[in-house]
Structures are given as C-alpha cells and as structure tokens.
Amino acid sequence: MSSQPAIIVSSLDMDRIEALIEKMPRLTPEVEQLENELDRATIVAPEAIPANVVTMNSTVRFKFIGDDKVFEKTLVYPHDLKHDEQVSIFAPVGSALLGLAVGQSLNWPMPNSQSRTVEILEVLYQPERAGEYLR
C-alpha cells in the first residue's frame with residue numbers, strides 16, 4: 001500500500017465516522033474499504049489540520065484522472081445528505097476524498113468492480129480552516 005498517498009484525518013472526524021460505522025448492522029465492502037483507509041491515516045487535532053486537506057464538511061473540487069469533467073461537492077455524513085452538491089462519506093467517491101490534500105490522487109474502488117483515480121484540485125471551504133471545529 002506504499003503507493004497510496006499519505007492522508008490526514010482530524011480526531012473529531014475520526015471519532016464521528018467510527019461511531020457511525022459501529023452502529024451499522026453489517027459493513028458493506030465500501031465501508032470496509034473506508035475502514036482500511038482510516039487505519040492508515042495520520043490522526044491530528046482539528047486545529048492541526050493543514051488548510052489544503054479534505055475534511056468532513058469541506059467543499060472540494062476534484063476530477064477523475066482521464067476525464068476532463070470537474071466536480072464540486074461537499075463531503076458530509078449520511079444523515080446530512082440533502083442535495084446533489086453533497087457526497088456522503090460512505091459513498092465510494094466520498095471515502096476516497098477524505099484526508100487527501102490538494103494535488104494528491106488516490107485510486108479507489110467504485111461500483112461494478114471498477115476503480116477510478118480521484119485527484120484533488122482545490123479545497124474551496126474547510127471548516128477547520130474557517131475555525132469551525134464542532135460541525
């Protein structure tokens with residue numbers, strides 16, 4: 001797994017995601033993949049998150065390598081998912097975004113036994129950068 005980029009996750013995000021996973025009656029392959037990703041994350045205090053890293057409730061511009069289309073989505077918890085401009089942490093692309101920094105890319109399994117490489121172009125909004133630690 002050394003080919004995967006380093007990821008950084010806030011301790012607050014980690015606690016909240018783990019609490020949601022623990023409440024699930026059974027884990028899907030996508031959630032198991034997210035757990036594996038979280039196992040290799042560097043965990044830091046929310047105040048120590050670099051400004052260019054995707055955290056929960058961040059709005060991020062990204063694309064899939066090999067595709068010119070650029071997406072702009074806010075990474076949210078499943079219970080906060082309300083419209084198409086958001087993506088759940090438990091969706092394959094949502095899991096891939098968490099913890100990546102601008103300029104990093106990550107190959108991630110997608111539905112139908114495919115995989116795509118997600119590249120982070122810009123973190124437009126990050127709660128930690130804005131001083132908002134309790135969302």
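General remarks:
- Inter-residue pairs, beta-carbon under 7 Å, first at positive phi and in the range 107-118, second at pLDDT below 80 and of a type in the set (A, V, I, L, M), 6+ apart: none
- Extreme residue, surrounded by the fewest Cβ atoms within 10 Å (Cβ to Cβ), among residues of the range 5-55 that are part of a loop (DSSP other than H, G, I, E, B) and of a type in the set (S, T, N, Q): Thr28
- The residues on offer are Ile21, Ile43, and the sole one that is free of Cβ contacts under 8 Å to residues at least 60 places away in the same chain, over 17 Å from Ala91 (Cα atoms) and of a type in the set (A, V, I, L, M) is Ile43.
- Residue count for the range 75-98, restricted to those that are surrounded by fewer than 17 Cβ atoms within 10 Å (Cβ to Cβ) and among the hydrophobic types (A, V, I, L, M, F, W, C): 1.
- Filter result for the condition that a residue is at pLDDT 90 or above, in contact with a Pro (Cβ under 9 Å, 6 or more places away or on another chain), polar (S, T, N, Q) and over 25 Å from Gly131 (Cβ atoms), over Ser11, Ser58, Ser105: Ser105
- Any hit, the range 116-127, residues being at pLDDT 95 or above, of a type outside the set (Ser, Thr, Tyr), over 16 Å from Thr28 (Cβ atoms) and not in a strand (DSSP E or B): yes
The values are calculated or read from the model by the stated rules, or taken from the named source; none is laboratory data. What you see is a predicted model, and the numbers here were worked out from it, not measured in a lab. Positions of Cβ are generated from backbone atoms using ideal geometry, with glycine treated the same way; all protein chains shown enter the neighbour counts.
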